[in-house]
Amino acid sequence: MRVVGQNDKNGASRRLRVRGGIAVLAVAAIASGCATGSGPDVDPAHGQQPTKAAEARALDSYATKLRAARAARALAARHWGLRQVPLMAPPAPVTKPRITARKGFEVDEQEELGLPPVFTTVPTRQKVVFLTIDDGAEKDPAFLRMMSDLKIPYTAFLTNFLIKNDYGYFRRMQSEGVTLNNHTLTHPYLPGLSYAEQRHEICGMQQIMKKEFGRAPTVFRPPYGNYNQDTLRAAKSCGIRYAPIWDEEVYVDHWEFREDDQDLHPGDIVLTHFRGRDEWKGTMVDDMRRFLNRVTAEGYAVARLEDYL
């Protein structure tokens, strides 16, 4: 019978410590490999990687939808007789530009009273323009189909006496994501009215907008682009924050420009009207075709005005 002496005990103990250390190192190595996912000498596990596969599927789905949207837009452009496919607007800015009154378009105490700024261009370096359409006289269903097919954003400034015979037309427009804004009750020359009369025109339309379309807007355009301090004071009292007018106006057969260079600029606001053959030499579809052909040819996309305010 062999008796285990101290030397043997010490040797056994050393061997156990070594083996235990190796085991600890092995566990640590495995744990490290799991934590980092891979190492220079560690092969990845076989089979699918669920997280990466899900991300890849999501990206592939997005790319597929994007291709489908572009194809639909190209088809719509051909259907509506455009020379080119309209350009897609960039994403809305995360930080909105600071909107101030255009120089020379201020009224007395503009800043002191915190009055809504009157402006013709949004400060941006992006090649975008903003389409705005005034009053609501013509209610062309083909126009609604065209803009929906092409996914072109625009802003409508509505006058009650011209829209009250068919609020439903503008509700359909609103359901497509179009923002409906204030253009007074009766489209008067506002500077010729008293403060109280101007306030009635603007606040009265705010009430109509809230009743018929669910919200009172914060954007207002004075008829004919004419205003005075009373106009902006009244507008502010009615909840208005911005009073954009325009830099260019497009008609069915020509364009008109505010600037001497007779050209488009990044951030320009473009005006047109709800008009048809009764007053123009063509339809609203003809008007939009002229507008889109020019802005696209010059490399501009049409963006949503409210995304920049």
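The values are calculated or read from the model by the stated rules, or taken from the named source; none is laboratory data. Since this is a predicted model, take the numbers as computed values, not measurements. Cβ atoms come from the backbone with ideal geometry, glycine included; neighbour counts cover every protein chain shown. To get the accessible areas, we keep the full protein, side chains included, count just its heavy atoms, and leave off ligands, DNA and RNA. Shrake-Rupley method; radii C 1.70, N 1.55, O 1.52, S 1.80 Å.
On the stretch given as region 95-104, residues that are surrounded by 13 or more Cβ atoms within 10 Å (Cβ to Cβ) and without any contact (Cβ under 8 Å) to a residue 40 or more places away in the chain total 3.
Screening ARG70 with (1) at pLDDT 95 or above; (2) open to solvent by 90 Å² or more (accessible area, probe 1.4 Å) gives one miss only, at (1). Residue count for region 111-122 under the criterion of being open to solvent by 20 Å² or more (accessible area, probe 1.4 Å) and either part of a loop (DSSP other than H, G, I, E, B) or at positive phi (or both): the result is 4. In region 152-169, the residue that is surrounded by the most Cβ atoms within 10 Å (Cβ to Cβ) out of those that are aromatic (Phe, Trp, Tyr) and under 24 Å from the mean Cα position of the chain (by Cα) is PHE157.
Selection of region 259-277 for residues being more than 18 Å from THR155 (Cβ to Cβ) and touching a residue at least 60 places away in the same chain (Cβ under 8 Å) yields HIS265, GLY276.
In region 73-94, the residues that are in a loop (DSSP other than H, G, I, E, B) and open to solvent by 50 Å² or more (accessible area, probe 1.4 Å) reach residues that are of a type in the set (Ser, Thr, Tyr) and modelled with pLDDT of 95 or more with C-beta atoms within less than 6 angstrom, at least six apart or across chains, in these pairs: GLN84/THR296. Counting only residues that are farther than 13 Å from ILE269 by Cβ and open to solvent by 20 Å² or more (accessible area, probe 1.4 Å), region 123-141 holds 8 of them.
The selection criterion, being touching an Asp or Glu at 6+ places or on another chain (Cβ under 6 Å), in a strand (DSSP E or B), under 21 Å from ALA77 (Cα atoms) and open to solvent by less than 30 Å² (accessible area, probe 1.4 Å), does not hold for VAL302. Selection of region 206-237 for residues being out of contact with any Phe, Trp or Tyr (no Cβ under 8 Å at 6 or more places or on another chain) and within 29 Å of GLY168 (Cβ to Cβ) yields GLN206, GLN207, ILE208, MET209, LYS210, LYS211, GLY214, ARG215, ALA216, PRO217, PRO222.
Taking the criterion of being in contact with a strand residue (DSSP E or B) (Cβ under 8 Å, 6 or more places away or on another chain) and on the phi < 0 side of the Ramachandran plot, the residues of region 187-215 that qualify are ILE202, MET205, GLN206, MET209, PHE213. Would you be able to say whether some residue in region 207-214 is under 18 Å from PRO117 (Cα atoms), crowded, with 17+ Cβ neighbours inside 10 Å and of a type in the set (Phe, Trp, Tyr)? Among the residues of region 207-214, not one is under 18 Å from PRO117 (Cα atoms), crowded, with 17+ Cβ neighbours inside 10 Å and of a type in the set (Phe, Trp, Tyr), which makes the answer no.
At least 3 residues being at negative phi, open to solvent by less than 40 Å² (accessible area, probe 1.4 Å) and acidic (Asp, Glu) is the threshold, and among the strands (runs of 3 or more DSSP E) wholly inside region 217-299 not one reaches it.
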